[in-house]
Each structure stands twice: as C-alpha cells, then as structure tokens.
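The values are calculated or read from the model by the stated rules, or taken from the named source; none is laboratory data. From a predicted model like this one, the values you see are computed outputs, not experimental measurements. Please note: Cβ atoms are built from the backbone with ideal geometry, for glycine as well, and neighbour counts cover all protein chains shown.
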Amino acid sequence: MQDNILTIVIPCFNEQEVLPETVKELGNILKGLIQQEKISSNSKLLFVNDGSRDRTWQLISKYTGEYSYVTGIKFSRNYGHQNALLAGMTVAVKYSDMIITIDADLQDDVTAIPKMVDKYLEGYDVVYGVRNSRETDTFFKRRTALAFYSLMRKLGVNLVPDSADYRLLSKRATEGLLAFKERNLFLRGMVPLVGYKSAKVYYARKERFAGKSKYPISKMLHFALDGVTSFSIAPIHLILYLGLITVLISIICMIYTIIEKCLGHVVSGWSSLMISIWLLGGIQLISISVIGEYIGKIFSEVKRRPRYTIESETFTQKMANSEL
Ligand code: UDP
Ligand code: MG
C-alpha cells in the first residue's frame, strides 16, 4: 500500500538518554498502524538532530542502518526546536501524506498517534494533540503557561490552549504552513492560520523519563516573547494609549497650575518636576523598547537568512531507494 504515508518528525537536542526507548516505542506504534493497514508500509520516523553535542547523531545513524523505517537529518549546529520541526516537515512533505510532530522525550502520550491517524482518515487535515491535565508540570510552568495563553488571547492571537507542537498535519496543511516565509517561528500560532478542517485528540502529558529539559527559563521567555511580537501589534496600540493618557494628565496638570497661579499660591515646583521627569522618562523607555522589538523583527526578516543548513540527511535517499 503506497497511500497514506505517515512521517513522524522528532526534533532531538542532546537526547542520547531517551533515543533508544523513543525509537522502540515509536517504531512499535508505526508497525502496529502498518499492520492494521491504516498507513503505508513506507511510513518513516524522521529524527532531526539539532546540533547535539552528545552521541545523538551516532545513535540516529546506527538506528538508520538497523531499521528500514528510521531516517535522520543532521543540522550543522543548534538552530532550535521550531527550526528543527520546520526542517523535518520540509524534507518529509514531498513523500508524506500526513506528518506528525512529537518531542523526543515522549512526554506526549504516543497512544494518541493512532487516534490522530484515525482523525486524518476521517478527513481532518489538522489534528491537535491537547493535554487534558498539567499535573506533571511544575507549579511554576503551569502558572506561566496559563498566564501566557490568556495574554495571547487578550492580544487577539488564536492559539489552541494546552496544545504544543504535538500534532498531525496533512500534506496540503503542511504545504500551507511551509508557505509562511517568516523567520521568527512560532508554529503553534501559525498552524491555526493555515486553516482546513481540524480536530483535537486529548492525552495526559507525562514526565520526561530521562535526560533534562532543553527549555530553560531563558529559552521559554524568548519563545513567549517571539509568540507575542510575531503575532500581535497590540503592544504598538499600547504606546498609543499610554501617549493619550499622558497627554490627558499633562492637560489636567496645566489647568491645575493655571488655577494655582491665578490664586497666587506658591508653586511647589520641585516635586512636580521630579515626578514628571521620571514619569516621562519611564514612558519613553518603555515605548522605545517596544518599538525596538519590532524593529528587531524587521531587521531579521529583511536579512532573509537561511533558517538552517543541513549537513546531511538520509530520508530522501531511503525514500528514493524504496521507490526503485
Ligand atoms: N529541542 C531541540 N532543540 C533545542 C531544544 C529542544 O530540538 O534547542 C527538542 C528536544 O530534543 C525535545 C523537544 O525539542 O525533543 C522539546 O524539548 P524539551 O522536552 O526539553 O522541552 P520541555 O518538554 O521541557 O518543554
Ligand atoms: Mg519535554
């Protein structure tokens, strides 16, 4: 059966501890689906090595030799999770009818994969993996995630709450996503913009079974900031509101000063001067930093740097061989 080729894209950054188990579990899922004739026997796992400094690539190469369904891409350096996902999809889309993206640490329940495939077979182009509880997350991560989703909603960005980058996309949905040429990637915000019929599959998120999180606070904050500034111009509106309020306050101050002068009171200049200097300085700084953020975005967009450089990959070759 050559229809319904599924490719599972798995970004990996220093994941040598989890890879053996990941290959085994995802391999079993893939084989099960092939046996049930839900997907083509040509379906593959595609590991994207995102510049790992450990033995991740050696392991991927080893498994590529051992199992016909394992393939890999090796980045020339670390380009980040989102770029790794995009690279996997770009390489796989030509040969795949559907693509599932999942983290290497299998925190996302792999038993949701057959459910996603079922939804695809029912005719859905986009199937979101949505976690039904956040019990395994730390209190801090849970609170910050909640705050982030509500902030994004207020800023008018359409996100599917509690869904990360665990999802299925059909070939045409993937092609739609790849047509977005922006450099600042925030895939979970971009996917809903692609459109098509979508469904949700619920699962419980587990704890990472080995290794450490590759998303420290600094990376998380950067990612959240990218999400806001790539999708919303609300901060610019904020400057406008701040400006209007400031003008209003200064008008009230002016009236007050004129009344005080007419009444012949001594103007207590120092405190009001100090307050206004600090107030204006603060407002200006905030405004400049917000504008700067957007200028930064424009800067990186106009440079049109390549998102990644692939050093080597085995997916295309294996697919070409299996076509012979
Ligand atoms: N990852 C990546 N490049 C990076 C950071 C992470 O490819 O620069 C991968 C990582 O190997 C994993 C996935 O992205 O497969 C999610 O990372 P992690 O599980 O550490 O994030 P968390 O679940 O803690 O948010
Ligand atoms: Mg994880």
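Of all residues in the range 9-60, those satisfying the criterion of being more than 16 Å from ligand 2 (Cβ to nearest atom), within 23 Å of Lys119 (Cα to Cα) and of a type in the set (A, V, I, L, M, F, W, C) are Ile29, Leu30, Leu33, Ile34, Ile39, Leu45, Leu46.
Do we have Thr56 as within 15 Å of ligand 1 (Cβ to nearest atom) and more than 20 Å from the chain's Cα centre (by Cα) here? Taking the combined requirement at face value, the residue satisfies it. Kindly indicate whether Ala173 is part of a helix (DSSP H, G or I), in contact (Cβ under 8 Å) with a residue 12 or more places away in the chain and surrounded by 14 or more Cβ atoms within 10 Å (Cβ to Cβ). Answer is yes for this residue. How many residues does the range 204-213 contain that are near ligand 1 (Cβ under 7 Å from one of its atoms) and touching a strand residue (DSSP E or B) at 6+ places or on another chain (Cβ under 9 Å)? Result for the range 204-213: 0. Confirm whether Leu46 is within 27 Å of the chain's Cα centre (by Cα), within 12 Å of Phe315 (Cβ to Cβ) and not basic (Lys, Arg). In short, yes. Determine, yes or no, whether Arg131 is among the basic types (Lys, Arg), within 13 Å of ligand 1 (Cβ to nearest atom) and surrounded by 18 or more Cβ atoms within 10 Å (Cβ to Cβ). Yes: the conditions hold for Arg131. When we screen Lys219, Lys214, Lys181 for residues that are part of a loop (DSSP other than H, G, I, E, B), basic (Lys, Arg) and within 16 Å of ligand 2 (Cβ to nearest atom), the only hit is Lys214. Kindly evaluate Leu168 against the criterion of being away from ligand 1 (no atom under 16 Å from the Cβ), surrounded by 17 or more Cβ atoms within 10 Å (Cβ to Cβ) and of a type in the set (A, V, I, L, M). Answer is yes for this residue.
I'd like to check something: does the range 26-45 contain any residue that is modelled with pLDDT of 95 or more, of a type in the set (A, V, I, L, M) and over 30 Å from Tyr124 (Cβ atoms)? No, the range 26-45 contains no residue that is modelled with pLDDT of 95 or more, of a type in the set (A, V, I, L, M) and over 30 Å from Tyr124 (Cβ atoms). When residues in the range 96-118 are screened for being crowded, with 21+ Cβ neighbours inside 10 Å and more than 10 Å from ligand 1 (Cβ to nearest atom), 8 of them pass.
Residue-wise test of (1) within 16 Å of ligand 2 (Cβ to nearest atom); (2) touching a His at 6+ places or on another chain (Cβ under 9 Å); (3) within 21 Å of Arg307 (Cβ to Cβ).
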position: Tyr67; (1), (2), (3): no, no, no
position: Phe75; (1), (2), (3): no, no, yes
position: Leu85; (1), (2), (3): yes, no, yes
position: Lys94; (1), (2), (3): no, no, yes
position: Ile102; (1), (2), (3): yes, no, yes
position: Asp109; (1), (2), (3): yes, no, no
position: Lys119; (1), (2), (3): no, no, no
position: Gly123; (1), (2), (3): no, no, no
position: Arg134; (1), (2), (3): yes, no, no
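Each residue in the range 171-197 was checked for being away from ligand 1 (no atom under 16 Å from the Cβ) and closer than 28 Å to Val23 by Cα, and 8 pass. Would you check which residues across the range 33-57 are assigned to a loop (DSSP other than H, G, I, E, B) and of a type in the set (S, T, N, Q) and list them? Selection gives Gln36, Ser40, Ser41, Asn42, Ser43, Ser52.
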